[in-house]
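Peer 1: Sharing a structure here in structure tokens format.
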Amino acid sequence: MMNSPPKDLPDALVSQVDRVLRSLLSVDRKTGRDNPATARGETELSAEERRHAAALMRINHAGEVAAQGLYHGQSTTARLGEVRAAMDEAAEEEFEHLKWCEERLAELGSRPSLLGPLWYAGAFAIGAAAGIAGDRWSLGFVAETERQVVHHLDEHLERLPEDDERSRAILRQMREDEEKHGATASAAGGAELPAPVRGLMTLTSRIMTRSAYWF
Ligand SMILES: [Fe+2]
Ligand SMILES: [Fe+2]
């Protein structure tokens, strides 16, 4: 006779994924800046608005998990010379973004993407490969990623429920930071990536955003 899966399997899966991510990202450590949402009062959102806002914040959280993988991978293989400090600072700010998104997800009664470890591993491999290709490409990759992220954040700022000022405050600060990260990488000599690579990056982020909305 076959055993049916235990009833609490989904919960067990979520907590296992959560454990893997926490160990990869040491998510409980302290960060410098306060969550920009704390300055905003909570507003009434309908159940459907909360679900939608949480799905968008889950995408942004997944993006920040990938950002950690990317910066960690890059930092492992790239030389980076005098821009290493700036890149490390960017990685630290990405970590703040990750925490803010996670906090907002919890406020909305939701959870991070189940596919987080996959995004982290994939981004780490890409970041490491870009670092091996050389600093010009590695920095070019960061600049292009950030350009695409800024574009994506503009879309989310539009799509969030009108009254969700807490999520919006987080995304606004993230947008400002991402713009700065991109500019720093470009100024440090990041090369413009060939169009097919840029296209592939857009495609990858589309797959990630579509799946993280639901899972
Ligand atoms: Fe970020
Ligand atoms: Fe960034």
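The values are calculated or read from the model by the stated rules, or taken from the named source; none is laboratory data. Small disclaimer: the values here were computed from a predicted structure and weren't measured. Glycine also receives a Cβ, built like all others from the backbone with ideal geometry; neighbour counts cover every protein chain displayed.
Peer 1: Could you count how many residues in region 174-211 are surrounded by fewer than 18 Cβ atoms within 10 Å (Cβ to Cβ) and either touching a Phe, Trp or Tyr at 6+ places or on another chain (Cβ under 9 Å) or farther than 21 Å from Gly32 by Cα (or both)?
Peer 2: Number satisfying all stated conditions: 20.
Peer 1: Any residue in region 102-125 that is within 16 Å of ligand 2 (Cβ to nearest atom) and touching an Asp or Glu at 6+ places or on another chain (Cβ under 9 Å)?
Peer 2: Keep residues of region 102-125 that are within 16 Å of ligand 2 (Cβ to nearest atom), which gives 119-120, 123-124.
So of that shortlist, the ones also touching an Asp or Glu at 6+ places or on another chain (Cβ under 9 Å) come out as none.
The answer is no; no qualifying residue exists.
Peer 1: Just to check your reading of the model, which residue among Asp154, Asp88 is closer than 23 Å to Glu49 by Cα, within 15 Å of ligand 2 (Cβ to nearest atom) and assigned to a helix (DSSP H, G or I)? Write out each step before concluding.
Peer 2: Numbers: Asp88 fails: closer than 23 Å to Glu49 by Cα.
Criteria check complete, one pass: Asp154.
Peer 1: Right, something else. Select, from Val83, Val142, the only residue that is more than 17 Å from Thr204 (Cβ to Cβ) and within 16 Å of ligand 2 (Cβ to nearest atom). So that I can check it myself, show each step before the final result.
Peer 2: Details: Val142 fails: more than 17 Å from Thr204 (Cβ to Cβ).
None of the other options fit; the residue is Val83.
Peer 1: Check whether at least one residue in region 95-108 is within 16 Å of ligand 1 (Cβ to nearest atom) and either touching a strand residue (DSSP E or B) at 6+ places or on another chain (Cβ under 6 Å) or of a type in the set (Lys, Arg) (or both), and report yes or no. Outline the logic, then answer.
Peer 2: If we filter region 95-108 for residues that are within 16 Å of ligand 1 (Cβ to nearest atom), which is where we start, we get 95-105.
Filter once more, keeping what is either touching a strand residue (DSSP E or B) at 6+ places or on another chain (Cβ under 6 Å) or of a type in the set (Lys, Arg) (or both): 99, 104.
Checked region 95-108: at least one residue is within 16 Å of ligand 1 (Cβ to nearest atom) and either touching a strand residue (DSSP E or B) at 6+ places or on another chain (Cβ under 6 Å) or of a type in the set (Lys, Arg) (or both).
Peer 1: Let me ask you something else. Being of a type in the set (D, E, K, R) and either assigned to a loop (DSSP other than H, G, I, E, B) or within 16 Å of ligand 1 (Cβ to nearest atom) (or both) is the filter here; which residues of region 29-81 pass it? Lay out the reasoning, then the answer.
Peer 2: Pass one, region 29-81, residues of a type in the set (D, E, K, R): 29-30, 33-34, 40, 42, 44, 48-51, 58, 64, 79.
Correct list: Arg29, Lys30, Arg33, Asp34, Arg40, Glu42, Glu44, Arg58, Glu64, Arg79.
Peer 1: Additional query: Got a number for residues in region 184-196 being touching a residue at least 40 places away in the same chain (Cβ under 8 Å) and in a helix (DSSP H, G or I)?
Peer 2: 3
Peer 1: Working only within region 106-130, note down all residues that are surrounded by fewer than 22 Cβ atoms within 10 Å (Cβ to Cβ) and assigned to a helix (DSSP H, G or I).
Peer 2: Matches in region 106-130: Ala106, Glu107, Pro117, Leu118, Ala121, Gly122, Phe124, Ala125, Ile126, Ala128, Ala129.
Peer 1: Looking only at region 157-194, count every residue that is within 16 Å of Ile59 (Cβ to Cβ) and either within 13 Å of ligand 2 (Cβ to nearest atom) or among the acidic types (Asp, Glu) (or both) and tell me the total.
Peer 2: From region 157-194, those within 16 Å of Ile59 (Cβ to Cβ) are 157-161, 164, 167-168, 170-171, 174-175, 178; that's our starting set.
Still in the running and either within 13 Å of ligand 2 (Cβ to nearest atom) or among the acidic types (Asp, Glu) (or both): 158, 164, 171, 174-175, 178.
Qualifying residue count for the region: 6.
Peer 1: Moving to a separate point now. Scan region 133-160 for residues that are more than 18 Å from the chain's Cα centre (by Cα) and either modelled with pLDDT of 95 or more or of a type in the set (Lys, Arg) (or both) and report the count.
Peer 2: Final tally of qualifying residues: 2.
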